[in-house]
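Note sheet for the following structure.
Read-outs throughout are calculated quantities, based only on the coordinates presented, and are distinct from any laboratory measurement. Keep in mind that this is a model prediction, so the values were computed, not measured. Cβ placement follows ideal geometry from the backbone for every residue including glycine, while neighbour counts extend to all protein chains displayed.
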Amino acid sequence: MSDNTSTHIECKEYTIYFDSWDQLSSSINEGKYSKVICIVDDNTESHCLPILEQKIDAPLSVIIIKSGEKYKTIDTCTKIWKEMMLLGADRHSVVITLGGGVVGDMGGFCAATFMRGMTFIHVPTTLLSQVDSAVGGKLGVDLDGYKNMIGLILNPSAVYIFPEFIKSLPNRELFSGFAEMIKHALISNVSLWNEIKSINPLTQSDWKEDIYKSVLVKYKITEEDPLEQSIRKKLNFGHTVGHAIESENLKNEFPLLHGEAIAIGIICECHISFQKRLFSEESLNEVTQFILKLYDRHPEAVEEFDGIISHTRHDKKNKGGNIRSTLITDIGSAIIDQEIQENEIKLALEYYKAL
Ligand SMILES: NC(=O)c1ccc[n+]([C@@H]2O[C@H](COP(=O)([O-])OP(=O)(O)OC[C@H]3O[C@@H](n4cnc5c(N)ncnc54)[C@H](O)[C@@H]3O)[C@@H](O)[C@H]2O)c1
């Protein structure tokens, strides 16, 4: 992939375009949509909407939501659906989700359900949403603090990735997205892991190539198993414990970001893999040291062992009352549907807390 060219990945149901403003603009014009509705949050309204408005030659009807995971709820969806009605949206309109994973998951969900479904396009604006959430069709919202409990899997008509958007991202958000890039490398191949290890998100100026490689991992897995019957579960590595930590901390005044929780979840699930003698101590140390070099420690986030374990019991991957997780057998190789015990989670949390 050359830096100066726009490129794309052709999926079965949609296309992922990189740096293709012309393509986005012409597809909006050629679509002859009755309305172009752009969903933003209060940050992407100021940082990203002006860029989009300058680049595409079509009038936009804008719906603004409050930013943050705590607004990823059915109440916010109701607000979006009502605004769509007021704006006169119909099934011939198109929705552009311009934002991170929250706007993408929730805006896509609203579009997929409004009048039984409208066309929608993701324009992800965070590192996390570019490498992960905009690809693979998962849409939805949280319920009572439990992550992504309501939703569906439905692909957009296209995804447009513009790495320039991440220039305005706060550093914490950059690291949050980088956690999913770490995960993609750990579950897929050792050479990508070695490349990831050489990145310092704070000094990285050009992300295009690395975003592209990370998207390829997600694309290949989700194309092979779109409905998460098998191999797609590999993408949940770090997320059984990570989601539980994220959910447990959502009630705090300053909750962890998704990727910050996933970074801890990756360490813990490497440790559970080590406890089960699937993963070597040397590799556990390698992953742990790399994550600790980049991420602040959050021992306070894992203090509520019982609360975190209770959240893992609500994980969508569980079966028959048993907690199931994706684990790791080597760097670059993950194994799905592994039953894990509460005492193994507790030991992993204690390991992280003591680091
Ligand atoms: N659908 C999936 O497959 C999938 C995968 C992973 C994560 N997710 C979901 O994604 C969400 C996390 O996504 P996220 O990390 O993008 O969070 P987010 O959408 O909350 O965005 C993070 C923050 O960055 C701000 N922001 C966005 N773009 C910006 C920009 N260009 N400049 C400045 N600020 C900007 C947002 O307003 C927000 O405050 C979670 O809800 C998670 O469950 C979904």
- Excluding exposed DSSP-loop trypsin sites (Lys or Arg not before Pro) (at most 11 other C-beta within 10 Å), longest clean stretch of the chain: 92-250
- Item | Per-selection Rg to Rh, the chain - Cα, Kirkwood hydrodynamic radius | 0.96
- Message: Exceeding 26 Å between C-alpha atoms, which entries from my cross-link table qualify? They are 147/183; 55/167; 82/218; 138/234; 70/317; 293/353.
- Response: 82/218
- In straight Cα distance, which aspartates and glutamates are under 13 Å from residue 72, not counting same-chain residues fewer than 8 positions off? 41, 105, 142, 144
- Note on the structure: Two pseudo-spin positions, 7 Å from Cα along C-beta at residue 46 and at residue 333, lie apart in nanometres by 4.9 nm
- Task: Using R₀ = 51 Å, calculate the FRET efficiency as 1/(1 + (r/R₀)^6) where r is the Cβ-Cβ separation of residue 206 and residue 251; round to 0.05.
- Result: 0.85
- For the chain the mean separation of alpha carbon contacts under 8 Å (6+ apart) over residue count, i.e. relative contact order in percent, is 14 percent
- Message: What number results when the radius of gyration of segment 7-168, computed over Cα atoms, is divided by 2.2 N^0.38 Å?
- Response: 0.93
- Query: To the nearest 500 deg cm²/dmol, what mean residue ellipticity at 222 nm is calculated for the chain from DSSP H runs of n ≥ 4 alone, each contributing -39,500 (n - 2.57), summed and divided by the residues?
  - Reply: -14000 deg cm²/dmol
- Go ahead and set up a Gaussian network model of the chain, Cα springs under 10 Å, then flag whichever of 78, 329, 222 fluctuates most. 78
- Note on the structure: Summed over the other residues with a beta carbon less than 12 angstrom from that of residue 138, with K and R at +1 and D and E at -1, the charge totals +1
- Query: In debye to the nearest 20, how big a dipole does the chain give about its Cα centre with +1 on each Lys and Arg Cβ and -1 on each Asp and Glu Cβ?
  - Reply: 700 debye
